[in-house]
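Everything on this sheet refers to the single structure shown next.
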Amino acid sequence: MKKITKSLALGVAALSVAASGAFAGEWPERPVTIIAAAGAGGGTDGVARILANHLKERLGQQFNVVNQGQAGGVVGITNMANAEPDGYTIGLIYNFAHYKLLGQADFDYKSFRPIAQVNFDPAAFQVANGSDWQDMRQALDAIKADPGAYSIGCGGGCGGSWPIAVATLLDQWKVDLSKVNMVPGKGAAAAMQDMVAGGFDAVPCSLPEAEALIDAGEARSLAVFKPERLAKYPDVPTLKEATGLDLELGAWRGIVAPAGLPDEIATKLEAALDEIAHDPKWIEEMNSRGFGIRWRNSAEFTAFVKQHTDEVAAVLPALGLN
Amino acid sequence: MDVIFAALGLLWDPTVIGIMLACAVYGLAVGSIPGLSASMAVALLVPMTFFIDAVPALAGIVTLAAMAIFAGDLPGAFLRIPGTPASAAYADEAYKMSLQGKGERALGIGLVCSAIGGVFGALVLLFAAPSLAKIALKFSTFEYFWLACMGLSAAVVVSHGNMAKGMLSLFLGLFIAMIGIDPMSGQIRYTFGNSALIGGLGFIPVLIGFFALSEVMRFAALRVRPTHSASTVGNVFSGLGQDVIRLRYGILRGCGLGTIIGAIPGAGADIASYISYAAQKKLSKNPEKFGTGIVDGIGPASAANNSAVGGAFVPATVFGIPGDSLSAIIIGVLYMKGLNPGPTVFLRQPELITAVFLAFLIANIMLVPFGFAAIKMFKQVLRVPRTLLMPSILAFCIVGAFAVENAVFAVTTMLIVGVLGYLMEENGYPIAPAILGLVLGPMLEENFLSSMMKAHGDFAAFFERPLAAGIAAVTIILWLYPVLSWGFANLKAHRNKALS
Amino acid sequence: MKLDDIITGGLFAILGLVIVIYSQSFPTMRHIAYGPGFFPSIVGVAMIGYSGVLILRSMVLRWLSWRKGLENSPLVVAGDWVRSGSGILDMAAIPASVIFYILLSDSLGFYLTCFLLVSFLNYLFSKQFGRSLFTALVVTTFLQLFFGKLMMVPLPWGFLEPYSGVLTWM
């Protein structure tokens, strides 16, 4: 009996060595899952699907996008962190640091192996058309003078990309964040509508999301949080032009794998993403759908997610959200 | 008018027609299979829309939605399992009719009213979307709070009978919606430390549990099982004209209610049909007959769920604000196709967006012959013995729950809620109020807290805005109506007595 | 299974109590006195209230009929299915088979788990061996091909992963 067990164990060990060797050498040899921690049809889903197509072309395997948007993305991102680090489950992650700080999840930047960042969309600061605020400086000064008097719509939860962007800006302007009235809600589009109906004084979100009501003449954008203006919205001044602050704030997306991913796979995936990110076809596809391009390689992206975590950790407590 | 002809030109294309036909068949199949919902079917189509142009992609999706919402009536009438949540409001009514041998009348009125409702919604979209959207721009969280309150009052009407049990069911629905991360505060609620519960109980898995799994269990509990469906289906169109003419105001009300409710963020076709059912019952001369199998319970509600799909497209296309889960996906596809929702899409590419609306109109007209064929086909399915049908339905339920959430936990949710739903029905607790609570609860809570935060905790703010005060007044009158009318009747009787 | 209103009401009252107690642990929102515990506490209290109505009504009715010397119905009336072994088996089979799927679908894969589940239930209800297997095969294959393959629902393959290509003929 003992003998059998021993030889069985040996056999299993031999098999698993062979298997891991085979996997590492030939990755990907079966379809790869890309977790998108968002529902079908949204922006994260869209980027994931465009990316999946390009990865399939380059690596010769099916890349399947799986939508897991429950609990505002916590479920999907948790699954990215907890998946087997064998290269067959990767994820498209976005601003994630607040989940752990708010006590909603266990993952932090150490749970992942960042492969590359592929996208960045700057936040922009919107007010209703009838608002007294004509420029960003005026808005910031008014909020600084009486922080509790104005309501700012967060779009989703107040730890998300857009509210954190505006909170970071207010913090830089030396506004007392603990008094600012940031109100959570059900998405940027709904918050914009509520602002036009008189519910909010300002709403931060991306320009494509604000476009509908700006075009309708119901809202105005005071500044875009990026060093240079966006080609599609040339009339919206940058934060630097409007206030002198040189900040880049907003939402970003990148590919991560669970921590512990073998180096060979990480390198191969990063190389593929590098090619994709500089492919004119990818740039054209992303731009035509309103997504901004930003490439950070593995090393830069790794440093960036840590910096992102530190920045969010600095602002959240002041918002009274931890 | 030129725009409409240009739009028709876009639709008159073999690819577009082919895709619309394929989606019509897919929609009818998905709608009529218990466990598979319209929103799941549309979500699964999203990857495919990447490879086709905007007009065929969106025309296909709206066709699918129109067909699926009607087809949900089919298993409702014959198996008492609504094929999609939108048919849940009157599945029992239609089933009782088919038990009385009047299945064809139930389906006939459902089919025609679905088409009428859908056409109504499509016409509103085509001619009034931008101006309707202007009205929607006046609504803040204060107004939405009152609308949710108004919607909840329908729970009492759809309870049929024991009021206390109906209210308990409503509060159970409100509670189920609270499980998981609260989107307002970020607080994790009622997970009891179980990390699987953090995402909450998915809406579609809960509905599959309540309506389909509980029915499969009821079948298993039967000691003498019907091998085949008892009812045969006669001529679908006989006597239909009279029913439609008699119910004309109710159907029209259903169309209006459906369009408005569909346009309100958070509520969709499912709630629209419940509220339309409740309104019809409340205004009926013989409300006690509702729930026993009458066409009055089916027509208006059936018109409401199809028109709600059109209503949901109003804020979706004009502002990119989703009215329900279905339109949320459609907004995503609009962005993906570079047709960013907004007033400009009506100015810059009017023929594109008009083509999509026209496709929805055509789909709803096509519904009559296609739906008729689907009824014929479904009769064939019913020839499969129930003993072999029910286990297959269970398999579809598992896939349907899994596919919307991409998690096995969705199947667990379905199981727990299914057992709960079975026990509730066994003991006289109606399910309908729980569904209203499930949908309207988050709407009520989120709008309340958001409004309170804006108003720095001052409750008076709910009456300060003129529009909010108006809706509040209507809501409160609606709530006090039973008391007032009782008091008024008493007063009148008193005076009559004094006079005589 | 029919339970008296005293029992179902009692269960709802307990749930209401748990909801209220749990809600006390939630913080309030910034700047206002309301928070994520506000609505749950209303829901919990209302649940306790309405279950109180149910329990009281049932007790009064029972007391009245007892006064009249009439016999009260028992608190628990089991369904017909409890009276035979096969009835209990049929009834337990539904939740049991779903639990079977939840536990084993990841390792055995969707195809096998679903096939076993449907054929077992088919046979249990119809007692026709051949037809049970055939229907289960058709339904499972359809689900795997249509949803798993065409619609790209990530149905698990489990240990059949290496053969997934062969099994779907692609």
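What follows draws every value from the coordinates through simple rules; no lab data is involved. Remember, predicted model here, so these are calculated numbers, not experimental data. In this analysis, Cβ positions are derived from the backbone assuming ideal geometry, glycine residues included, and neighbour counts consider all displayed protein chains.
One table, with the values for the structure above:
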| read-out | value |
| --- | --- |
| About the Cα centre, charge dipole magnitude for chain B (Lys/Arg +1, Asp/Glu -1 at Cβ), debye | 1380 |
| Share of Cα-Cα pairs in chain A lying beyond 34 Å, as whole percent | 29 |
| Eligible aspartates and glutamates near A:Lys110 by straight Cα distance, threshold 20 Å, same-chain separation 8 or greater | A:Glu84, A:Asp86, A:Asp263, A:Glu264, A:Glu270, A:Glu300, A:Asp310, A:Glu311 |
| Under the Karplus curve 6.51 cos²θ - 1.76 cosθ + 1.60, θ = phi - 60°, whole-Hz ³J(HN,Hα) for the range B:185-192, x wherever Gly or Pro sits | 9, x, 5, 8, 10, 6, 9, 6 |
| Residues of type lysines that C:Lys149 reaches as a straight line, Cα spacing below 23 Å, ignoring anything fewer than 8 places off in the same chain | A:Lys56 |
| Formal net charge of residues neighbouring B:Arg225 (Cβ-Cβ distance under 10 Å; K, R +1; D, E -1) | +1 |
| Charged-residue dipole, Cβ positions (Lys, Arg, Asp, Glu), the range A:124-248 about Cα centre, Debye nearest 20 | 200 |
| Positive dipole terminus of the protein assembly as shown, leading residue within B:Gly202, B:Asn496, A:Ala271 (C-beta point charges) | B:Asn496 |
| Under Karplus coefficients 6.51, -1.76 and 1.60, residue-wise ³J(HN,Hα) of the range B:205-214 in Hz, glycine/proline x | x, 4, 5, 4, x, 4, 9, 9, 4, 5 |
| Volume per residue that the Cα convex hull of the protein assembly as shown spans, once the total is divided by residue count, Å³ | 201 |
| Partnerless Cys - chain A, beta-carbon criterion under 4.7 Å | A:Cys205 |
| Per-selection metrics, the range B:2-464 (Cα): Rg and Dmax in Å | 21.0, 64 |
| Counted charge near B:Met40, where neighbours are those whose Cβ lies closer than 14 Å (Asp, Glu -1; Lys, Arg +1) | -3 |
| Proximal lysines to A:Lys179, defined as alpha-carbon separation beneath 21 angstrom and excluding residues fewer than eight positions away on the same chain | A:Lys144, B:Lys454 |
| Prolate/oblate/rounded call for chain C, Cα gyration tensor, a/c under 1.5 rounded | oblate |
| Interchain or long-range residues, amide H under 5 Å from A:Ala223's placed H | A:Phe125 |
| Alpha carbon centroid spacing (whole Å) that separates the range B:367-419 from the range B:285-351 | 24 |
| Overall form of the range A:124-248 per C-alpha gyration tensor (a/c, 1.5; a/b vs b/c) | rounded |
| Calculated over the range B:1-112: convex hull of Cα atoms, volume per residue (Å³) | 103 |
| Prolate/oblate/rounded call for the range B:119-229, Cα gyration tensor, a/c under 1.5 rounded | oblate |
| Trypsin sites (Lys or Arg not before Pro) restricted to DSSP loop in the range B:81-170 with at most 15 other C-beta within 10 Å | B:Lys138 |
| Dipole moment magnitude, nearest 20 debye, chain C about Cα centre, only Lys, Arg, Asp, Glu C-beta charged | 420 |
| Reciprocal of mean inverse Cα separation for the range C:81-167 (Kirkwood radius, Å) | 13.8 |
| Dipole-positive endmost among B:Gly293, B:Ile331, B:Ala303 within the range B:279-344 (Cβ charges, Cα centre) | B:Gly293 |
| Mean residue ellipticity (222 nm) of chain B, computed from DSSP H runs ≥ 4 via -39,500 (n - 2.57), nearest 500 | -24000 deg cm²/dmol |
| Protection-proxy order for peptides A:110-119, B:470-479, each taking the mean of Cβ atoms within 10 Å per residue, highest first | A:110-119, B:470-479 |
| Residue mean of other protein chain beta carbons inside 10 Å, B:442-455 | 6 |
| Top positive-direction residue, dipole computed over the protein assembly as shown with Cβ charges, set A:Phe120, B:Leu170, A:Met182 | B:Leu170 |
| For A:Asn67, residues with placed amide H under 5 Å, excluding near neighbours | A:Ala36 |
| Expected 222 nm ellipticity per residue - DSSP helices of 4 or more, -39500 (n - 2.57), all of chain C, to 500 | -21500 deg cm²/dmol |
| Derived scalar couplings ³J(HN,Hα) [the range A:69-80; Karplus, 6.51 cos²θ - 1.76 cosθ + 1.60; whole Hz; x for Gly, Pro] | x, 4, 6, x, x, 4, 5, x, 5, 4, 5, 4 |
| Which of C:Tyr123, B:Tyr422 has the fewest Cβ neighbours within 10 Å, and the rest in rising order | C:Tyr123, B:Tyr422 |
| Local electrostatic count at B:Glu425 - Lys and Arg +1, Asp and Glu -1, tallied over other residues with Cβ under 12 Å | +1 |
| For residues of B:82-92, the mean tally of beta carbons on other chains within 10 Å | 0 |
| 32 Å Cα-Cα threshold exceeded, pairs from A:Lys186/A:Lys232; B:Lys138/B:Lys492; B:Lys102/B:Lys282; A:Lys100/B:Lys165; B:Lys337/B:Lys379 | B:Lys138/B:Lys492; A:Lys100/B:Lys165; B:Lys337/B:Lys379 |
